[in-house]
Amino acid sequence: MESLRIEIINPKAKILLKDLADMEIIRIKKDKIKSEFIELLNRLRRNSDNAPTLDEITKEVESVRKARYDK
């Protein structure tokens, strides 16, 4: 089995993909990784008054990566 990530430009293509899935030629899966991370982040933020924003987390990760690879 081969997996591909496809960006749909024309909405008609989505209908075609759904038809292929109905004929059991392809299987459509939604990318859950990002949504699961965002849900976790939202749950953690509800419990904290000073929770970091997604931008702050991204900056911290980038700075740690930079420090690691600059050695």
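Throughout, read-outs are computed from the coordinates displayed, never taken from laboratory work. Note that the coordinates shown come from a computational prediction; the quantities given were computed from them, not determined experimentally. A quick note on method: Cβ atoms are made from the backbone with ideal geometry, for glycine too, and the neighbour counts reach across all protein chains shown.
Legend: ranking of residues Arg5, Arg68, Arg45 from fewest to most surrounding C-beta atoms inside 10 Å; resulting order Arg5, Arg68, Arg45. Rounded to the nearest 500, the helix-only mean residue ellipticity at 222 nm of the chain stands at -19000 deg cm²/dmol, with each DSSP H run of n ≥ 4 adding -39,500 (n - 2.57).
Using the Cα centre as the reference, give the magnitude of the dipole from point charges on the C-beta atoms of the chain (Lys, Arg: +1; Asp, Glu: -1; all else neutral), rounded to the nearest 20 debye.
Values: 17 positive and 14 negative charges, 15 e Å.
I would put it at about 80 debye.
Stokes-Einstein at 37 °C, 0.692 mPa s, Kirkwood radius from Cα pairs: D for the chain in µm² s⁻¹?
Details: Rh = 16.1 Å.
For the chosen part, D equals 203 µm²/s.
How many lysine pairs in the chain, separated by 8 or more positions in sequence or lying on different chains, have Cα atoms less than 20 Å apart? Close lysine pairs under the 20 Å cut-off: 10. With the simple spin-label model, which puts each label point 7 Å out from Cα in the Cβ direction, the Asn47 to Met23 separation comes to 4.9 nm.
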